[in-house]
1. Looking at segment 58-92 only, could you name the residues that are away from the ligand (no atom under 16 Å from the Cβ), over 23 Å from residue 26 (Cβ atoms) and in contact (Cβ under 8 Å) with a residue 24 or more places away in the chain?
2. Looking at this structure, is residue 103 farther than 27 Å from residue 131 by Cβ and surrounded by 16 or more Cβ atoms within 10 Å (Cβ to Cβ)?
3. Look through segment 162-194, keep the residues that are without any contact (Cβ under 8 Å) to a residue 60 or more places away in the chain and part of a loop (DSSP other than H, G, I, E, B), and return whichever of them is surrounded by the most Cβ atoms within 10 Å (Cβ to Cβ).
4. Can you tell me which residue is surrounded by the most Cβ atoms within 10 Å (Cβ to Cβ) among those in segment 252-266 that are farther than 15 Å from residue 62 by Cα and within 16 Å of the ligand (Cβ to nearest atom)?
5. How many of the residues in segment 147-161 are more than 16 Å from residue 244 (Cβ to Cβ) and surrounded by 19 or more Cβ atoms within 10 Å (Cβ to Cβ)?
6. Restricting to segment 97-123, name every residue that is under 19 Å from residue 185 (Cβ atoms), assigned to a helix (DSSP H, G or I) and out of contact with any helix residue (DSSP H, G or I) (no Cβ under 6 Å at 6 or more places or on another chain).
7. Out of all the residues in segment 30-41, is one or more under 22 Å from residue 123 (Cβ atoms), surrounded by 21 or more Cβ atoms within 10 Å (Cβ to Cβ) and more than 16 Å from the ligand (Cβ to nearest atom)?
Ligand SMILES: [Zn+2]
């Protein structure tokens, strides 16, 4: 029995931010650019891999929220290492990554909110929840102004859309690179054990959202726990919603996902699910963009058949995956 591609987790501990940046800059194969300083004066770097001028770009970012979400910095940057050199992974997983690299380039911002990382809060140095500070999801989506206006609120939207330097750096990077996909990584609550994803522009991307979840469930041996997918009209100022409304190099909107890997998990499991989710989002985007018969994720579906989780056929159908409230009752540690 073959195993679906997956990326194993790893253990790590929180380092001083400056040491983390040193680690980012040491990852081979990537081009670093200092995007600017955070509100509190910490360096924020953007990284690119491959020919961004001539190959569609896939964008991934971490740590828009600080506090317990600091862990995203580690598994997002670990994925950057694997993207350059997947030789340490299982052969099917490495092959999937090498195949993606023949058609795409990549943009990563592994630490979007160093103030939150350093100060151990969700917000940046101005007390703004950056994931409420992005602009309107034009043309037919949420408005920034729908977010909380009270500076004491944990989800304070800021004085204006893109009032914060951190969201400006992301905005300018995305507009410059015009990615075909946009992935914003989180670890939701500090207690939550499970994963979920909020998908923007659901109707437009429904088939591949379904594929993404189906394949990810098989790869990590569990199914989602939460309120995926997401309605573009319901939450304002979110990075993922804004990103989904930009224009990609293909003249379409990017395929956007806000992914949450359980904040209550040990880091090894959180990083396993998080990095595998990054891979499967990329595969599902490729399946949507590449002409048949090349889509890898379709091949994976054929190869591994129905959704089997821990030896049981998943109760989650592809329609169910599109709805809220389904269960994640079983997890068997690998
Ligand atoms: Zn978050």
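Taken together, the values in this text are just the output of simple stated rules run on the coordinates, not laboratory data. All of these numbers come straight from a predicted model, not from anything done at the bench. Positions of Cβ are backbone-derived with ideal geometry, glycine not excepted, and every protein chain shown enters the neighbour counts.
1. Here is the first cut: in segment 58-92, the ones away from the ligand (no atom under 16 Å from the Cβ) are 58-59, 77-92.
Filter once more, keeping what is over 23 Å from residue 26 (Cβ atoms): 90-92.
Answer for segment 58-92, where residues must be away from the ligand (no atom under 16 Å from the Cβ), over 23 Å from residue 26 (Cβ atoms) and in contact (Cβ under 8 Å) with a residue 24 or more places away in the chain: 90, 92.
2. Working: farther than 27 Å from residue 131 by Cβ: yes; surrounded by 16 or more Cβ atoms within 10 Å (Cβ to Cβ): no.
It is false that residue 103 is farther than 27 Å from residue 131 by Cβ and surrounded by 16 or more Cβ atoms within 10 Å (Cβ to Cβ).
3. Once the filter is applied, the top-ranked residue is 162.
4. Narrowing segment 252-266 to residues farther than 15 Å from residue 62 by Cα: 252-255, 264-266.
With the extra rule that they be within 16 Å of the ligand (Cβ to nearest atom), the set shrinks to 264-265.
On the way: 264: 15, 265: 22.
Among residues in segment 252-266 that are farther than 15 Å from residue 62 by Cα and within 16 Å of the ligand (Cβ to nearest atom), the one surrounded by the most Cβ atoms within 10 Å (Cβ to Cβ) is 265.
5. Step one: filter segment 147-161 for residues more than 16 Å from residue 244 (Cβ to Cβ), giving 147-160.
Subset that is surrounded by 19 or more Cβ atoms within 10 Å (Cβ to Cβ): 147, 156-158.
So the count comes out to 4.
6. 115, 116 - these are the residues of segment 97-123 that are under 19 Å from residue 185 (Cβ atoms), assigned to a helix (DSSP H, G or I) and out of contact with any helix residue (DSSP H, G or I) (no Cβ under 6 Å at 6 or more places or on another chain).
7. yes
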